[in-house]
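**Q** Quick one: the structure is below, questions incoming.
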Protein chains: 2
Amino acid sequence: MPHLRVPVTRRERQREATYDEIVAVAADLLDEGADLSLRAVATRMGVTAPALYRYVANYQQLVDLVAFELDRAATAEWKKEVERYPETDPAARLTVGCVCFRQWALSKPRQFALVFANPIAAADTERRELLTISTSGHFFTDLLWQIWELYQFPYPSLDELDPVIQDAVLNPLIPAKAEHIPPEDRGILWLYMRSWSALYGVVTLESTGHCDPRVIESGQLFRATLLDWLEPLGLDGERERLTRILDEEMSRHRSSDG
Amino acid sequence: MPHLRVPVTRRERQREATYDEIVAVAADLLDEGADLSLRAVATRMGVTAPALYRYVANYQQLVDLVAFELDRAATAEWKKEVERYPETDPAARLTVGCVCFRQWALSKPRQFALVFANPIAAADTERRELLTISTSGHFFTDLLWQIWELYQFPYPSLDELDPVIQDAVLNPLIPAKAEHIPPEDRGILWLYMRSWSALYGVVTLESTGHCDPRVIESGQLFRATLLDWLEPLGLDGERERLTRILDEEMSRHRSSDG
DNA sequence: CAGTTTCGTGAACACTGTTAACCGTAAACG
DNA sequence: CGTTTACGGTTAACAGTGTTCACGAAACTG
């Protein structure tokens, strides 16, 4: 959890460092194929398990901590990849970003499950807050906003939306760079939710393996889903170019790691 | 796992009964909010834990067993609900079926996670087989097939499909009542995969709680996703009627359990 | 310096899944 | 029918898991 007041006292710096070590060690464990456990993290840090309870209240909080970090680290990588295309081409950037997201989910299914398939009870406000500042969410909303600035695709006005949805887009609980979006334009967030739902759907289906392995390998389901979203996002004119980019990005990853 | 050769010897009947008790007890545990554990199932059956190893090879197999049963039982309920509309109206039936699926996922998120968010490795052929005969899959493909018989919506021909997808629809690994679909019509299965992916996406998103609780409560995301699929399924002419049915079904469940 | 907070330990509890050796009883076979 | 085999259960034990509690040492604070 990012603190705004950066602590300066020696103790607090030490504490912050320990937090960092916790998530680092946990991420290592996950990468090695072991499953995340309080005790494993502790012993690898050269410390006994109860010591960790000075830093997290329980196991779930540990999970949330590393989930947030995994999300942050992954998004940072995607941002780098995306920068192969200029800032003036957000449509290409979004395409690359989506492919990166999928590739990450496929190559690190355990991490993906931790971050995105980890159940969150509606009442659990703590975890919802964490979700709200999720880095990947900001990443995708921001790209969508940039696309809108450039292509001006149509979005529903507030009074076209269900009252409950009006509430949700005006005072969003989901991760979204929304502060800079004027209230009358918040209908865009509805499009964000819908497109995110579509992207999340295929990727989760593929990452959890709940479909034919050959279909996953081919990437056609993912590809078709993305192409369906070109039109609603005003990208019909770019269809050919973006399809080319999409195919190139997908084959790039395929060749890079067998 | 359903055996075709129904055993008659006393021992085998006894054994079958024990299997039934295992999944029944496990389902009870889940319903009570406890989490599924080998030991808990055993002690509740009045038996020690190692005894269960005469029936399942390991914990994962127990999970698979009850997952299959949960899927079967849930689908049986949906089938009943669906029968409120005549067999000659498969579009209405599919609508009801989708709402039931969502409602089940929302009211029993743990069970849903067990059946549908439970990761399956690509190499795990055993679990893939179980998936292939999944009851809910057959339920939805069958409805889609009936809709096609009635409305004759367009579907891709085999040579329009990616070679890998051709393979997948001709020799499907996913649950699908496909035997009675002639090879040249197998393009329908591609539409099935795509629509299932969309349905699976929203429902998983909602069931795992990875979006604004208000959006879930309103049901608008689910509703919009379903409505988007009317057109590809040749149901544009039925839009008004089916929307009415959809709304009615959704409010029905909302009022029935707070 | 004295007092207090912080951070770690060790022991213990209540659980997990899983393996091993063992044994009575019920079915199967000659 | 008697003998033998195999099935279905037991107990004991191992290696883990999350979590709590009482304690102590070390580090900061007045």
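Just so it is clear, none of the values below were taken in a lab; they were calculated from the coordinates. Quantities reported herein were computed from a predicted structural model and do not represent experimental measurements. In this analysis, Cβ positions are derived from the backbone assuming ideal geometry, glycine residues included, and neighbour counts consider all displayed protein chains.
**Q** Could you work out the Rg to Rh ratio of the protein assembly as shown, with Rh taken as the Kirkwood radius (inverse of the mean 1/r over all Cα pairs)?
**A** On the way: Rg = 24.0 Å, Rh = 24.8 Å.
Ratio of gyration radius to Kirkwood radius for the protein assembly as shown: 0.97.
**Q** Please report, for A:P183, the nm distances (one decimal) from its label point, 7 Å out from Cα along the beta-carbon direction, to the equivalent points in the remaining copies, shortest first.
**A** So the distances to the same position in the other copies read 6.3 nm.
**Q** Quick one: net charge around A:R110, please, counting Lys, Arg +1 and Asp, Glu -1 for every other residue with C-beta under 11 Å from its C-beta. Before the final figure, lay out each step's value.
**A** Numbers: positive: A:K108; negative: A:D31, A:E32, A:D35.
After counting each charged neighbour, the total is -2.
**Q** Let me ask you something else. Evaluate the distance, in nm, between pseudo-label points positioned 7 Å from the Cα of A:D247 and of B:Y151 along their respective Cα→Cβ axes.
**A** Output for this residue pair reads 3.1 nm.
**Q** Work out the mean other chain Cβ neighbour count within 10 Å for the residues of B:214-225 and drop it here as an integer. Mind dumping the intermediate values first?
**A** Details: counts 9, 12, 2, 3, 7, 2, 8, 7, 1, 1, 6, 4.
The mean count of partner-chain Cβ atoms within 10 Å per residue comes to 5.
**Q** Report the one residue of B:A49, B:W190, B:T225 whose Cα lies farthest in the direction of the positive end of the charge dipole of chain B (charges on C-beta: Lys and Arg +1, Asp and Glu -1; origin at the Cα centre).
**A** B:A49
**Q** Output the 0 to 90 degree angle, nearest 10, between the alpha-carbon long axis of helix A:187-207 and the longest principal axis computed from the alpha carbons of chain A.
**A** 70
**Q** Against the longest principal axis of chain A, how steep is helix A:135-151, in degrees 0 to 90 to the nearest 10, with axes from Cα atoms?
**A** That helix lies at roughly 20 degrees to the long axis.
**Q** Now a separate question. Rounded, prolate or oblate: which fits segment A:71-256 when a ≥ b ≥ c are the square roots of the eigenvalues of the alpha-carbon gyration tensor, with rounded for a/c under 1.5 and prolate only if a/b beats b/c?
**A** Details: a/c = 1.68, a/b = 1.18, b/c = 1.42.
Oblate.
**Q** Would you mind classifying segment A:1-115 by shape? Square roots of the alpha carbon gyration tensor eigenvalues, ordered a ≥ b ≥ c; an a/c under 1.5 is rounded, otherwise it is prolate if a/b is larger than b/c and oblate if not. Could you put the intermediate results ahead of the total?
**A** Values: a/c = 3.11, a/b = 1.65, b/c = 1.89.
Since a/c reaches 1.5 but b/c is at least a/b, the shape of segment A:1-115 is classed as oblate.
**Q** Say a label goes 7 Å from Cα toward Cβ at B:P119 in every copy; what distances in nm does this one have to the rest, shortest first?
**A** Ordered by increasing distance: 1.8 nm.
**Q** Please identify every one of the GluC sites (Glu not before Pro) in segment A:23-114 that sits in a loop by DSSP and has no more than 12 other beta carbons within 10 Å of its own beta carbon. If you can, show how the numbers build up before the last one.
**A** Working: sites: A:E32, A:E69, A:E77, A:E81, A:E83, A:E87; in loops: A:E32, A:E83, A:E87.
Passing both the DSSP loop test and the Cβ count: A:E32, A:E83, A:E87.
**Q** Using a 7 Å offset from Cα along the direction of the beta-carbon, what are the separations from A:G33 to the same position in each other copy, nm, ascending?
**A** With the label placed 7 Å along Cα→Cβ, A:G33 yields 3.9 nm.
**Q** With no solvent and one equal point scatterer per Cα, compute the Debye intensity ratio I(q)/I(0) for segment B:152-197 at 0.18, 0.27 Å⁻¹ and report its log10, rounded to two decimals.
**A** Log10 of I(q)/I(0), two decimals: -0.45, -1.08.
**Q** Could you tell me which residue out of A:L205, A:T125, A:T141 lies farthest along the dipole of segment A:71-256 toward its positive end? Charges go on the beta carbon: Lys and Arg +1, Asp and Glu -1, centred on the Cα centre.
**A** The one lying farthest along the dipole's positive direction is A:L205.
**Q** Also, I was wondering about something else. Any idea what diffusion coefficient segment B:1-55 gets from Stokes-Einstein, in µm²/s, Kirkwood Rh on alpha carbon pairs, 25 °C, 0.890 mPa s?
**A** 203
**Q** Next question, about the same structure. Straight-line reach from B:K79: which lysines have Cα under 26 Å away, leaving out those fewer than 8 places along the same chain?
**A** Leaving aside lysines fewer than 8 places away in the same chain, those within reach of B:K79 are B:K108, B:K177.
**Q** Determine the dipole magnitude for chain B: charges of +1 sit on the beta-carbon of Lys and Arg, -1 on that of Asp and Glu, nothing else is charged, the reference point is the Cα centre, and the result goes in debye to the nearest 20. Write out the running numbers ahead of the final one.
**A** Numbers: 28 positive and 40 negative charges, 208 e Å.
For this selection, approximately 1000 debye.
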